[in-house]
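Quick notes on the structure that follows.
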Amino acid sequence: MEVLVMSTTESSNANALRMAKLLIQNKLAACVSIKQIFSIYKWDDDIEESKEFEITIKSKLEFKDCLIDFVNKNSTYDVPQIIYKKYHAEMKYYDWLNKTI
């Protein structure tokens, strides 16, 4: 009973909501969570500080490649964060996720 959890970020709440809704509409995710974060990172030899929106995507393991492609095509960033991990899920959640997408 394993699920895929993928994380990416967007520069605005509107962009994050757009991506989340597309993921659900296209049945690539059962659930998408969005939270505001503050990031510090190096870009073009400068240290950047910015408010971002972290998007956590809960999906099926077999959708990993489709999700990577989706995020790369729909992100507003030149180099989107794409981090993913396989998790064990409780039976009820696993069943719900698989019935949803």
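The values are calculated or read from the model by the stated rules, or taken from the named source; none is laboratory data. Please read these numbers as outputs of a predicted model, since none were measured by experiment. Every residue, glycine among them, receives a Cβ derived from its backbone with ideal geometry; neighbour counts consider all protein chains shown. We work out accessible area using only protein heavy atoms, side chains counted, and drop any ligands, DNA or RNA first. Shrake-Rupley method; radii C 1.70, N 1.55, O 1.52, S 1.80 Å.
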Inset, instruction - Provide, for q = 0.10 Å⁻¹, the log10 of I(q)/I(0) from a solvent-free Debye sum over equal Cα point scatterers in the stretch 16-101. - result: -0.29
Inset, instruction - Go ahead and set up a Gaussian network model of the chain, Cα springs under 10 Å, then flag whichever of Y87, Y77, Y41 fluctuates most. - result: Y41
Inset, instruction - List the relative contact order of the stretch 14-95 as a percent without decimals, with contacts defined as Cα pairs under 8 Å and 6+ residues apart. - result: 25 percent
Legend entry - D78 accessible area, assembled protein chains, probe 1.4 Å, Å²: 140 Å²
Legend entry - About the Cα centre, charge dipole magnitude for the chain (Lys/Arg +1, Asp/Glu -1 at Cβ), debye: 680 debye
Inset, instruction - Return the Cα extents of the stretch 56-101 along principal axes one, two and three, sorted largest first, each rounded to a whole Å. - result: 38, 17, 15
Legend entry - Calculated FRET efficiency for the pair N72/D46, C-beta based, R₀ 25 Å, to 0.05: 0.55
Inset, instruction - Filter the GluC sites (Glu not before Pro) in the chain down to the DSSP loop ones having no more than 14 other Cβ atoms within 10 Å, then list what survives. - result: E90
Inset, instruction - Report the extension gain between D95 and Q25 in nm, rounded to one decimal, defined as 0.36 nm multiplied by the number of residues separating them, less their alpha carbon distance. - result: 23.3 nm
Inset, instruction - Please build a GNM for the chain, connecting alpha carbons under 10 Å apart, and tell me which residue among I82, I37, I47 fluctuates the most. - result: I47
Legend entry - Loop trypsin sites (Lys or Arg not before Pro), the stretch 1-65 (other Cβ atoms within 10 Å of the site Cβ: 13 or fewer; DSSP): K27
